[in-house]
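The structure appears below as structure tokens.
The values are calculated or read from the model by the stated rules, or taken from the named source; none is laboratory data. Bear in mind that the values here come from a model prediction, so they are computed numbers and not experimental data. Quick reminder, even Gly has a Cβ in these numbers, built from the backbone with ideal geometry, and neighbours come from all protein chains shown.
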Amino acid sequence: MQCDKCRDDAVLFQSYSGRHLCGRHLMADIEIRAKRSIRAHRWMSSGDHIAVVISGDKKSGALLSFMKKLTADRRDIRLSAMPSGGAVSGKSARSAALKVAALLRIPCLGALSPDGSLATAQESITKIAQGLSLDDIAQGVLAQFLFGDAGRLVHPWPTGSSPFPVICPFIAVPSEELDLYWDCQGTGIDLVPGTPSREGLQKDINAFLEEYSPRHPATKFALLHLWEQLSKWNAATLPFTDTDGRDSGDGMHGMNRFCCGVTGRGS
């Protein structure tokens with residue numbers, strides 16, 4: 001199949017837009033949506049030092065690559081990488097994360113610990129960037145309703161161990177597209193897919209959305225817009241974990257405790 005914009009070979013069919021896109025135009029489309037999210041949420045401002053959490057998967061690699069491109073000509077914004085356990089655990093995850101940071105020539109800070117706190121004090125950080133995708137948001141929002149915790153979308157739990165706002169530029173981009181964004185970089189670094197594994201009810205929610213969405217392509221976007229309307233874009237209400245507070249398998253170890261009580265808006 002050919003790209004609808006340039007007639008090169010398409011790498012993806014966007015069911016929600018009805019377009020076939022090649023790698024180059026898919027990357028451009030993703031970047032446009034990510035920039036739109038940043039502007040709408042006012043997630044960047046002059047003087048920021050943004051730490052991008054990299055977990056050894058394609059989704060976080062895509063985020064670091066995008067953020068580097070976005071800030072390349074911004075001398076007033078500093079970018080760093082922050083290794084985390086993420087989608088895969090152990091030394092392989094950290095090794096992959098460090099390779100990505102080295103390839104992109106982004107300095108690394110102290111790692112994000114499993115409880116969501118920084119392993120070392122990083123007083124100059126102003127924001128944390130996470131690679132949450134549209135799938136993560138849609139599954140999380142639907143889960144809050146099914147778990148009976150829809151109130152969290154409006155009133156976040158008043159806990160949290162970090163003063164840093166959390167920004168999520170990819171909340172309007174599906175995980176599959178983020179994986180392709182990384183593949184299209186041609187880095188030669190083979191990372192694991194950014195689509196999280198699920199268990200229990202979370203697995204059932206994911207299966208339901210994946211079965212339902214092809215017939216109703218706008219479903220995940222509708223859940224994203226529902227979160228935006230209920231939360232008024234407060235990143236403290238982002239649904240990261242299961243209701244028991246443990247890691248939900250989405251690569252955000254301890255991020256519920258890390259994010260609650262902070263705002264996603266720029267100062």
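Of the residues PRO196, PRO174, which is surrounded by 19 or more Cβ atoms within 10 Å (Cβ to Cβ), in contact with a helix residue (DSSP H, G or I) (Cβ under 7 Å, 6 or more places away or on another chain) and either at pLDDT 90 or above or of a type outside the set (A, V, I, L, M) (or both)? Write out each step before concluding.
Values: PRO196 fails: in contact with a helix residue (DSSP H, G or I) (Cβ under 7 Å, 6 or more places away or on another chain).
Just a single option satisfies the conditions, and that option is PRO174.
Could you grab the pairs with beta carbons closer than 6 Å, sequence gap of 6+ or different chains, first residue in the range 52-65 and closer than 19 Å to THR126 by Cα and free of Cβ contacts under 8 Å to residues at least 40 places away in the same chain, second one of a type outside the set (Val, Ile, Thr) and outside any helix (DSSP H, G or I)?
none
Give the residue, chosen from SER92, SER15, SER60, SER84, that is touching a Gly at 6+ places or on another chain (Cβ under 6 Å) and at pLDDT below 95. Step through it out loud before you land on a result.
On the way: SER92 fails: touching a Gly at 6+ places or on another chain (Cβ under 6 Å); SER15 fails: touching a Gly at 6+ places or on another chain (Cβ under 6 Å); SER84 fails: touching a Gly at 6+ places or on another chain (Cβ under 6 Å).
After ruling out the rest, the residue left standing is SER60.
Where the second residue is among the charged types (D, E, K, R) and outside any helix (DSSP H, G or I) and the first is free of Cβ contacts under 8 Å to residues at least 24 places away in the same chain and lies in the range 19-35, which pairs have Cβ atoms under 6 Å and are six or more apart or on separate chains?
ARG19/ASP4; HIS20/ASP4; CYS22/ASP8; HIS25/LYS5
Looking at (1) more than 17 Å from GLU176 (Cβ to Cβ); (2) surrounded by 22 or more Cβ atoms within 10 Å (Cβ to Cβ); (3) in contact with an Asp or Glu (Cβ under 8 Å, 6 or more places away or on another chain); (4) of a type outside the set (D, E, K, R), which one does LEU26 not meet, given that it meets all the others?
Checking LEU26 against (1) more than 17 Å from GLU176 (Cβ to Cβ); (2) surrounded by 22 or more Cβ atoms within 10 Å (Cβ to Cβ); (3) in contact with an Asp or Glu (Cβ under 8 Å, 6 or more places away or on another chain); (4) of a type outside the set (D, E, K, R), the one that fails is (1).
All but one of (1) surrounded by fewer than 17 Cβ atoms within 10 Å (Cβ to Cβ); (2) among the aromatic types (Phe, Trp, Tyr); (3) at pLDDT below 90 hold for TYR212; state the number of the condition that does not hold.
Here TYR212 clears every test but (3).
Where the second residue is small (Gly, Ala, Ser) and the first is assigned to a helix (DSSP H, G or I) and lies in the range 131-143, which pairs have Cβ atoms under 7 Å and are six or more apart or on separate chains?
Listed pairs, sorted by first residue: LEU134/ALA172; ASP135/SER175.
Among the residues of the range 36-77, write down those that are among the basic types (Lys, Arg) and over 20 Å from LYS99 (Cα atoms).
So in the range 36-77, the residues among the basic types (Lys, Arg) come out as 36, 39, 42, 58-59, 68-69, 74-75.
ARG36, ARG39, ARG42, ARG74, ARG75, listed by residue number.
If a residue must be among the aliphatic types (A, V, I, L, M), in a strand (DSSP E or B) and within 18 Å of the chain's Cα centre (by Cα), how many such residues does the range 5-57 contain? Walk me through it before giving the result.
Here is the first cut: in the range 5-57, the residues among the aliphatic types (A, V, I, L, M) are 10-12, 21, 26-28, 30, 32, 34, 38, 40, 44, 50-54.
Remaining after also requiring in a strand (DSSP E or B): 12, 21, 50-54.
Add one more test, that the residue is within 18 Å of the chain's Cα centre (by Cα), and what stays is 50-54.
Qualifying residue count, the range 5-57: 5.
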